[in-house]
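Visitor: Questions regarding the structure given below will be posed in turn.
The values are calculated or read from the model by the stated rules, or taken from the named source; none is laboratory data. Since we're looking at a predicted model, the values are computed, not measured. Ideal geometry is used to build each Cβ from the backbone, glycine not excepted, and the neighbour counts take in all protein chains shown.
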Amino acid sequence: MTNRFTVAILVHNQFGVLNRVTSMFRRRQFNIRSLTVSETESDKYSRITILSEGDEIVKQQLINQLYKLPVVVSVAELDPEETVSRELLLIKVANNAENRADVRAAIDAFEAKILDYNQESMMIQMVGDSRKTDDFINLLLAYNILEICRTGVVALERGSSTIRNVTNF
């Protein structure tokens, strides 16, 4: 069974690290559905959050390969039940009298927000987990989507546990 899973990777904040990590994915033919990179609370480290998919064997292979990279400080598989994850979606939809009420109803139902509004289009912002984002996009497919821009997943474990609690040694 193929499942989506999220992995957080703490890496040394230095030139070429992202290339090393993504090259490992390419060489091993792991699929990246979403990728987010950012600095952490320390300028010594960056955090890479990857949403991927595969069965348990693929997931374990991916984690094992990440641990082999010398730039990796720690790796944590994020349990969806114990994790808060979000994406940002910007979506531009045609604005016309026939679809306006339905699009506005979808915006309200998904707690989205209109950022730009003119006679031809509406730009909408929605924040949510990947499933909510996918559902919102699928709903708006009937209303002439003009453009989509979506961030990768950002995710943190609930409670006081941090990625630094996990080591690869």
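Visitor: Out of Val11, Val17, Val73, Val37, I need the residue that is of a type in the set (A, V, I, L, M), farther than 23 Å from Thr83 by Cα and out of contact with any Asp or Glu (no Cβ under 6 Å at 6 or more places or on another chain). Which one?
Guide: The match here is Val17.
Visitor: Does the range 59-87 hold any residues that are part of a helix (DSSP H, G or I) and hydrophobic (A, V, I, L, M, F, W, C), and which are they?
Guide: Once the filter is applied, which keeps residues that are part of a helix (DSSP H, G or I) and hydrophobic (A, V, I, L, M, F, W, C), the range 59-87 yields Leu62, Ile63, Leu66.
Visitor: If you go through the range 148-162 one residue at a time, do you hit one that is of a type outside the set (Phe, Trp, Tyr), modelled with pLDDT of 95 or more and touching a helix residue (DSSP H, G or I) at 6+ places or on another chain (Cβ under 6 Å)?
Guide: The answer is no; no qualifying residue exists.
Visitor: Among the residues of the range 35-46, which ones are surrounded by fewer than 20 Cβ atoms within 10 Å (Cβ to Cβ) and part of a strand (DSSP E or B)?
Guide: Leu35, Thr36, Val37, Ser38, Glu39, Tyr45
So that you can scan it fast, the table gives a plain yes or no per residue for (1) out of contact with any Pro (no Cβ under 6 Å at 6 or more places or on another chain); (2) assigned to a strand (DSSP E or B); (3) of a type in the set (D, E, K, R); (4) not assigned by TED's automatic domain parsing to the domain that holds Glu120:
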site: Ile9; (1), (2), (3), (4): yes, yes, no, yes
site: Asn19; (1), (2), (3), (4): yes, no, no, yes
site: Thr22; (1), (2), (3), (4): yes, no, no, yes
site: Phe25; (1), (2), (3), (4): yes, no, no, yes
site: Ser52; (1), (2), (3), (4): yes, yes, no, yes
site: Ile57; (1), (2), (3), (4): yes, no, no, yes
site: Asn96; (1), (2), (3), (4): yes, no, no, no
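Visitor: Just give me the residues in the range 47-63 being crowded, with 17+ Cβ neighbours inside 10 Å and among the polar types (S, T, N, Q), in sequence order.
Guide: Thr49, Ser52
Visitor: Is there a residue being among the basic types (Lys, Arg), free of Cβ contacts under 8 Å to residues at least 24 places away in the same chain and under 26 Å from Asn138 (Cα atoms) anywhere in the range 103-117?
Guide: Taking the range 103-117 as the starting set, the residues that turn out to be among the basic types (Lys, Arg) are 104, 113.
Those left that are additionally free of Cβ contacts under 8 Å to residues at least 24 places away in the same chain: 104, 113.
Still in the running and under 26 Å from Asn138 (Cα atoms): 104, 113.
Within the range 103-117 (the criterion being among the basic types (Lys, Arg), free of Cβ contacts under 8 Å to residues at least 24 places away in the same chain and under 26 Å from Asn138 (Cα atoms)), the answer is yes, since at least one residue qualifies.
Visitor: Name, by its number, the condition in (1) over 16 Å from the mean Cα position of the chain (by Cα); (2) surrounded by 11 or more Cβ atoms within 10 Å (Cβ to Cβ); (3) more than 20 Å from Thr151 (Cα to Cα); (4) modelled with pLDDT under 90 that does not hold for Ser74.
Guide: (4)
Visitor: Yes or no: Arg131 assigned to a helix (DSSP H, G or I) and closer than 30 Å to Val73 by Cα?
Guide: Judged against the criteria, Arg131 is a match.
Visitor: Tally the residues that are aromatic (Phe, Trp, Tyr) and either assigned to a helix (DSSP H, G or I) or closer than 30 Å to Glu157 by Cα (or both), restricting the search to the range 102-128.
Guide: Residues of the range 102-128 aromatic (Phe, Trp, Tyr): 110, 117.
Those still in the list that are either assigned to a helix (DSSP H, G or I) or closer than 30 Å to Glu157 by Cα (or both) too: 110.
Within the range 102-128, residues that are aromatic (Phe, Trp, Tyr) and either assigned to a helix (DSSP H, G or I) or closer than 30 Å to Glu157 by Cα (or both) number 1.
Visitor: If you check Glu87 against the conditions, is it acidic (Asp, Glu), within 14 Å of the chain's Cα centre (by Cα) and loosely packed, with under 15 Cβ neighbours inside 10 Å?
Guide: It is false that Glu87 is acidic (Asp, Glu), within 14 Å of the chain's Cα centre (by Cα) and loosely packed, with under 15 Cβ neighbours inside 10 Å.
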